[in-house]
1. If I filter the range 161-194 down to residues being assigned to a helix (DSSP H, G or I) and touching a strand residue (DSSP E or B) at 6+ places or on another chain (Cβ under 6 Å), which single residue comes out as surrounded by the fewest Cβ atoms within 10 Å (Cβ to Cβ)?
2. For a quick check of your reading of the model, give me the residue pairs whose first member lies in the range 140-165 and is within 22 Å of Ala197 (Cα to Cα), whose second is loosely packed, with under 14 Cβ neighbours inside 10 Å and among the polar types (S, T, N, Q), with beta-carbon atoms closer than 8 Å and at least 6 apart or on different chains.
3. State yes or no: is Gly128 farther than 21 Å from Arg98 by Cα and in contact with a Gly (Cβ under 9 Å, 6 or more places away or on another chain)?
4. Name, by its number, the condition in (1) free of Cβ contacts under 8 Å to residues at least 40 places away in the same chain; (2) of a type in the set (A, V, I, L, M); (3) in contact with an Asp or Glu (Cβ under 9 Å, 6 or more places away or on another chain) that does not hold for Leu86.
5. All but one of (1) part of a helix (DSSP H, G or I); (2) farther than 21 Å from Val172 by Cβ; (3) out of contact with any strand residue (DSSP E or B) (no Cβ under 9 Å at 6 or more places or on another chain) hold for Ala104; which doesn't?
6. Just one of Leu179, Leu129 is within 21 Å of Val57 (Cα to Cα) and hydrophobic (A, V, I, L, M, F, W, C); which is it?
7. Filter the range 121-131 down to the residues that are part of a helix (DSSP H, G or I) and in contact (Cβ under 8 Å) with a residue 40 or more places away in the chain, then identify the one that is nearest to Thr51 (Cα to Cα).
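Taken together, the values in this text are just the output of simple stated rules run on the coordinates, not laboratory data. None of the values given here were measured: they were computed from a predicted structure. Ideal geometry is used to build each Cβ from the backbone, glycine not excepted, and the neighbour counts take in all protein chains shown.
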Amino acid sequence: MSLKRPLVVGSKGNMGRRYMAILGHLGGVEPRGIDLGEVIPTDYDSVILATPTSQHVEQIFAFEHYRVPILCEKPISTSLARVMGLFDKAKTRGIRLRMVNQYADIARFDPNANGPTFYDYFRHGSDGLAWDCINIIGMAKWRPTLSERSPIWSCTINGQKLSVDTMDAAYVQMVKDWLAGGHENLDYMLNAHRKVAEYIAENALCAMS
């Protein structure tokens, strides 16, 4: 499979502009970008959802009947129940869904690495720090330490320190790999959401004690 006409939904937002820039950088594709409420074109072979988290599940089902691969920004939802329901339907209906996980596509990232996981940056989105870090939590072999104090982005996954430049390149590689095959990661998607829900619940218990 080689995807040539991706449709970026939410193309005028921060993440949407990132994906449009990546697609332009890669070349060989003809991306279409639309914002929320705009007319959906018909000449596309894949969908990238770069919209607010609260709309992801509804939009995934809206594009289901087009039978095209979908790459969705993370998290899919901050409701584990909604993600579990989506997971079951995706499995039975053949929805070809991949949740964004740029970390898994870093060429130098060693899946066998074993060490601590840290994240520290002063800013996060409206979903909250834990949900913004869903892939860090999802890939961590040990309980991660997440902070929001440093003005300089800092991330270590299983003992491997990442840089901003590496992460920018990883986004490009992730989209390139997805365009080549439209690969899914449903099992990882569900597991990562479960781990975030557990992380949030554990932190809440610690705060109460």
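1. Just the residues of the range 161-194 that are assigned to a helix (DSSP H, G or I), to begin with: 164-181, 186-194.
Going one step further and asking which of them are touching a strand residue (DSSP E or B) at 6+ places or on another chain (Cβ under 6 Å), we end up with 178, 189.
Numbers: Trp178: 22, Met189: 25.
My answer is Trp178.
2. Close Cβ pairs (under 8 Å, with a partner that is loosely packed, with under 14 Cβ neighbours inside 10 Å and among the polar types (S, T, N, Q)) amount to Lys141/Asn114; Asn158/Asn114.
3. Details: farther than 21 Å from Arg98 by Cα: yes; in contact with a Gly (Cβ under 9 Å, 6 or more places away or on another chain): no.
So Gly128 fails the test.
4. (3)
5. (2)
6. On the way: Leu179 fails: within 21 Å of Val57 (Cα to Cα).
One residue alone meets the criteria, Leu129.
7. Our first condition is that a residue be part of a helix (DSSP H, G or I); within the range 121-131, this holds for 129-131.
Right, trim to in contact (Cβ under 8 Å) with a residue 40 or more places away in the chain and you get 130-131.
Working: Ala130: 19, Trp131: 15 Å.
So the residue we want is Trp131.
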